[in-house]
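A quick write-up on the structure given underneath.
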Amino acid sequence: MKTTKSLLAAIALGTSLVLSGTTAIAAGKQKNAEDISFSFEGVFGHFDRAQLQRGYLVYKEVCAACHSLNQLAYRNLSQPGGPELSEAEVKAVAAEATIEDGPNDEGEMFERPGLPADKFASPFPNREAAMSANGGAYPADLSLITKKREGFHFPWYVSPFIKLVKGNGGPEYVRSVLMGYQEPPAEVAKDAPEGKSYNPYFSAGPWISMAAPLSEDSVEYADGTKASVEQMATDVAAFLTWAGEPKMEQRKSMGFQVVLYLILLSVLLFLTKKRVWGREPH
Amino acid sequence: MSGHSTYNPTNPVMKWVDDRLPLPRLMYDSFVSYPVPRNLNYWYTFGGILMIMMVSQIITGIVLVMHYTPHVDMAFDSVEHIRRDVNFGNILQKWHAVGASFFFIAVYIHIARGMYYGSYKAPREILWMLGVAIFLIMMATGFMGYVLPWGQMSFWGAKVITNLFSAVPFFGETIVTWLWGGFSVDNATLQRFFSLHYLLPFVLVGVVILHVWALHVTGQNNPTGVEVKSGQDTLAFTPFATVKDAFALSVFFIVFTAFVFFAPDYLGHSINYEEANPLVTPEHIVPEWYYLPFYAILRAVPDKLLGVVAMFGSILVWFILPWLDTSKVRSATYRPIFKQLFWLLMIDFFILGVVGANPPEGWWITVGQIATVYYFAHFLILLPLVGLLETPKPLPSSISDSVLAKNADKQPAAQPAE
Amino acid sequence: MSTAEAPDEDRRDFLYIATGAVGAVGAAALAIPLIDQMNPSASVLALASIEVDLTPIEVGQSITVKWRGNPVIIRHRTAKEIEEAKAVPIADLPDPIARNANVADGSEATDVNRVVDGKEQYLVQMGVCTHLGCVPIGNEGEYDGWFCPCHGSHYDTAGRIRKGPAPENLHVPEYQYLSDAKIQIG
């Protein structure tokens, strides 16, 4: 495992050296996301609790105005391996949301404050409402955004090797899109569609319907971290990665037990096999 | 090979049962005293590995069904529910999904081993053909299983593959509408795929039992391809093959679980984390990696009907492989030209896989067409010809002779190891 | 030859036993996820509590609400029913334990321990017979309380088992008063 990994890392390093200089690769229009190192990457990776809490704040105060997070429940915020808010904090957070429930005894739907067991309240009642409120563009549900979008594209002959080490670059994609708003190059600026912004990192880009959502100090972090655009983009990318797989830490730690166990079993079976076969020519 | 049973139970309970239903005898003769050639190498452990992978897929599948909902509005969310809320659900779901890939890895190695050592030749034709049937059932099962999570690739994969049948002359449209139970892939399609995905593995078990039965009638082939001639050539299945298979299985599972726990999404498609949307086609529709070579053959032929025929033909040709190979010698070890052709076929198959993963543009099309032509030429032209033209190396007189010669090479004039 | 083999045999035995034992542990560990997946999932365990407004329930009437998939019976008891319930000596009860999630475990099944003190008119209990899970019918049976039609269990006006096969009093779920006439169950 380890030697394979380092071998693959070497291949990846070699190929990325070859590729450096070429910015927009293979797939064409989408620019590769900037590869940064997140705390949760690799087989030993863990989420940074403080970062997840900051990322949640960014989601709540900025993204949640348009983007749903349908697969997540408020209770997830307090489960181990996540932002690990206290139960009381989760109750308070959930109570801020308005949830439609019912029908009551008169057959009417009614609204009530959210409870920890509720799924995150969606900013729009349905897809059509979301599209109509956003000029025809659907603000994607963010539950699995870092799993369904790829930030990295490499030529076919190296892609399988690099991606085994680096993954698909989903978290990097989110971060790069949030940071990637820029003035369009002169040659394309004249074709700018009405109401869209230029963002070469966007998967269906380079024109994106979402206006740059983050600006310096869009949120105020409780832990005093300076809320630069880069900081917020990185934090929310980490939070959304967790949201895509809240049980990632448990998965990895169980993986260690399983793989170590199998290595031990393999060694024992190998010795047994040698013993059993020892006297028989084969 | 089956011959006279040597089962002689000492346990009175077993004897009581055996006198009334000889199940203990069947088990003993098949998995304990069953003689296996003593020269089997690790390539021969994949049959056992496949057996375990099949059981593993069935068990995890049954468990997942306890939480999955086969309805277009709920299927995607129910898979997320499994990944997020069900106890151990994230592991079980990935074990099943990654397990499909590793099932195919094992089956491809198993098939290639059969081709290399000529395991399809008389008297093992039916054994081989049952194997091809197993592979076809696996492909159908895997395809339908991939539709169930109802992601974008699930949906569009289902649409594209079912549309293959529209190539059938005259009845194409009717057949496709019948398959779908509607005018597109929709809830009716999902539900019938779910039903069949649950059914087919049990059909698979049935054919596997026949496959093992046929194996136990003819006995195993071996790396020399020389038939077993005396008791000298064989060892008892237990403990010799059992412990070797167990070791190989354990190593296989290290790699398998490493993917399940540390790279669970690597072998899948990102876009399948997006819920199916019948109005938007993803940019590149690619099947799971294990279908890629056949997908490449489909796309290599510019005609719709002929492409479908070529794709199915590329597997169906395996059914007549025992008669296409005209050589009297089984094992590639003693067939110098066939051995090279075998490796060329492996390279060709790999190239087809790469072509299948890439969009059909530019020189990929040419490469795909050349590789497709070579694939069929291998089976339909080269194999029959080589069998007639090639001069094989001299065969060892028996398995035990070949083993003794090999050991003598390794450690001249020494006692056997340990 | 045979003398030289003896220690080797020992080592071999140990190796076989160790391998077998490690393999068995693995096989047993495999069963854990397969069994545990059938336990209630996180979403089921977190199921929301419900709120019930008691004002529409007139004296002598009951309503049934669904909580965690089970019926909860809420009865606005008459003064006579409360009198009857209070008059029963604990010694006469087949199950002398309150079975109320809101009082200490093992408390006596007095009437006041079955309700909230000061709110004695409202009896809140699971509509699940403690015998085999049927829903008991109200205003029926020999004790003016509930009667389970499946196997003939009689409950009194405090939901306590008095006669029949059921072993325990009807369970009282966890609930609290949010206001004078509004409760939250769960």
(message) Keeping all protein chains in place and using 1.4 angstrom, which order do B:PHE259, A:PHE256 fall into by accessible surface area, from largest down?
(response) A:PHE256, B:PHE259
(message) Looking at chain B as a GNM with Cα springs under 10 Å, which of B:THR174, B:THR372, B:THR238 has the largest mean-square fluctuation?
(response) B:THR174
(request) Name the shape class, rounded, prolate or oblate, that the alpha-carbon gyration tensor gives for the range B:1-119, where a ≥ b ≥ c are the square roots of its eigenvalues, rounded holds for a/c under 1.5, and otherwise prolate holds if a/b is larger than b/c and oblate otherwise. (result) oblate
(request) Given a cut-off of 21 Å, name the pairs among A:LYS163/A:LYS252; A:LYS247/B:LYS159; A:LYS60/C:LYS66; B:LYS229/B:LYS406; A:LYS31/A:LYS147 whose C-alpha atoms lie farther apart than that in the structure shown. (result) A:LYS247/B:LYS159; A:LYS60/C:LYS66
(request) Work out how much length B:ALA377 to B:GLN232 would gain on full extension: take 0.36 nm times their residue separation and subtract the Cα-Cα distance, in nm to one decimal. (result) 48.1 nm
(message) Quick check: the angle from helix A:248-277's long axis to the longest principal axis of chain A, C-alpha only, nearest 10 degrees?
(response) 10
(request) Could you state how much accessible area B:THR177 has, in square angstrom rounded to the nearest 10, with a 1.4 Å probe and all protein chains kept in place? (result) 50
(request) For C:CYS134, list long-range residues whose amide hydrogen, built 1.01 Å from N in the peptide plane, is under 5 Å from its own amide hydrogen. (result) C:CYS129
(request) Just subtract the alpha-carbon distance of B:ALA112 and B:ASN8 from 0.36 nm times their residue separation and send over the number in nm, one decimal. (result) 33.6 nm
(request) Show me B:246-253, B:209-216 ranked by packing, highest mean number of other Cβ atoms within 10 Å first. (result) B:246-253, B:209-216
(message) Give me the inter-chain shielding for B:29-39: mean count of other chain Cβ atoms within 10 Å, whole number please.
(response) 1
(message) Given an 8 Å cut-off on Cα distances and at least 6 residues of separation, report the relative contact order of chain C as a percent.
(response) 20
(message) From the helices alone, meaning DSSP H stretches of at least four residues, give me the mean residue ellipticity at 222 nm for chain B, per-run term -39500 (n - 2.57), in deg cm²/dmol to the nearest 500.
(response) -20000 deg cm²/dmol
(request) Could you tell me which of rounded, prolate or oblate describes the range B:247-355, using a ≥ b ≥ c as the square roots of the eigenvalues of the alpha-carbon gyration tensor, with rounded for a/c under 1.5 and, failing that, prolate when a/b is larger than b/c and oblate otherwise? (result) oblate
(message) Can you give the Rg/Rh ratio of the range C:38-186, where Rg is from the C-alpha atoms and Rh is the Kirkwood radius?
(response) 0.95
(request) Springs between alpha-carbon atoms under 10 Å, Gaussian network over chain C: tell me which of C:ARG160, C:ARG99, C:ARG68 tops the mean-square fluctuations. (result) C:ARG68
(request) Using Cα centres only, tell me the gap between the range C:131-148 and the range B:124-142 in whole Å. (result) 60
(message) Using a 10 Å cut-off around each Cβ of peptide A:62-75, what is the average number of partner chain Cβ atoms that fall inside?
(response) 2
(request) Rounded to the nearest Å, what's the spacing between the alpha carbon centres of the range A:123-164 and the range B:15-33? Just the number, please. (result) 58
(request) Starting from the Kirkwood radius over alpha-carbon pairs of the range B:300-375, derive D by Stokes-Einstein at 20 °C in a medium of 1.002 mPa s and give it in µm² s⁻¹. (result) 153
(request) Report P(r) for chain A: all Cα-Cα distances, bin width 10 Å, range 0 to the bin holding the largest distance, values in whole percent. (result) 6, 22, 29, 22, 12, 6, 3, 1, 0
(message) Please compute the modelled spin-label separation between A:LEU260 and C:GLN61, points set 7 Å along Cα→Cβ, answer in nm with one decimal.
(response) 6.4
(message) Give me the percent of accessible area attributable to carbon and sulfur for the protein assembly as shown, probe 1.4 angstrom.
(response) 64
(request) Would you mind computing, in nm to one decimal, how far apart the modelled labels at C:ALA28 and B:TRP43 are, each placed 7 Å from Cα along Cα→Cβ? (result) 4.0
(message) List the lysines whose Cα sits under 17 Å from the Cα of A:LYS29, skipping any in the same chain fewer than 8 residues away.
(response) A:LYS196
(request) With all protein chains present, calculate the accessible area of B:TYR374 using a 1.4 Å probe and round the result to the nearest 10 Å². (result) 60
(message) Using only Cα atoms and rounding to the nearest 10 degrees, what angle (0 to 90) does helix A:229-244 make with the longest principal axis of chain A?
(response) 70
(request) Return one number: the angle in degrees, 0 to 90 and rounded to the nearest 10, between the long axis of the Cα atoms of helix A:170-179 and the longest principal axis of the Cα atoms of chain A. (result) 40
(request) Please report the base-10 log of the normalised intensity I(q)/I(0) for the range A:67-154, using a Debye sum with one equal scatterer per alpha carbon and no solvent, at each q in 0.11, 0.17, 0.20, 0.26 (1/Å). (result) -0.42, -0.87, -1.03, -1.20
(request) On each of the three principal axes of the Cα atoms of the range A:121-242, give max minus min coordinate, whole Å, ordered largest first. (result) 43, 42, 32
(request) Pop a pseudo-label 7 angstrom from the Cα along the beta-carbon direction at both C:GLU83 and A:GLU128 and give the gap in nm to one decimal. (result) 6.2
(message) Debye calculation, C-alpha points only, no solvent: report log10 I(q)/I(0) for the range C:67-116 at q = 0.23, 0.26, 0.29 Å⁻¹, in the same order as the q values.
(response) -0.98, -1.09, -1.15
(message) Among C:TYR155, C:TYR143, C:TYR16, which one shows the highest mean-square fluctuation when chain C is modelled as a Gaussian network with alpha-carbon springs under 10 Å?
(response) C:TYR16
(request) Over chain B, calculate the relative contact order: mean separation of alpha carbon pairs under 8 Å at least 6 apart, over the residue count, as a percent. (result) 22
(request) Per DSSP H run of at least 4 residues, take -39500 (n - 2.57); add these up for chain C, divide by its residues and hand me the 222 nm value, nearest 500 deg cm²/dmol. (result) -9000 deg cm²/dmol
(message) How would the protein assembly as shown be classified by its alpha-carbon gyration tensor: rounded, prolate or oblate, with rounded meaning a/c under 1.5 and the a/b versus b/c comparison settling the rest?
(response) oblate
(message) Tell me the Kirkwood radius of chain B: reciprocal of the mean inverse pair distance over distinct alpha-carbon atoms, in Å.
(response) 23.8
(request) Just tell me how shielded C:16-22 is by partners: mean number of partner chain Cβ atoms within 10 Å of each residue's Cβ, no decimals. (result) 5
(message) Taking 41 Å as R0, compute the FRET efficiency from the Cβ-Cβ separation of C:LEU15 and A:TYR157 and round it to 0.05.
(response) 0.35
(request) Give me the aspartates and glutamates in straight-line cross-link reach of B:LYS328: C-alpha distance below 17 Å, same-chain residues under 8 apart excluded. (result) B:GLU125, B:GLU227, B:GLU390
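The values are calculated or read from the model by the stated rules, or taken from the named source; none is laboratory data. If you're wondering where the values come from, they're calculated on a predicted model, not measured in any experiment. All Cβ positions, glycine included, derive from the backbone under ideal geometry; neighbour counts span all protein chains shown. With ligands, DNA and RNA removed, areas are computed over all heavy atoms of the protein, side chains included. Shrake-Rupley method; radii C 1.70, N 1.55, O 1.52, S 1.80 Å.
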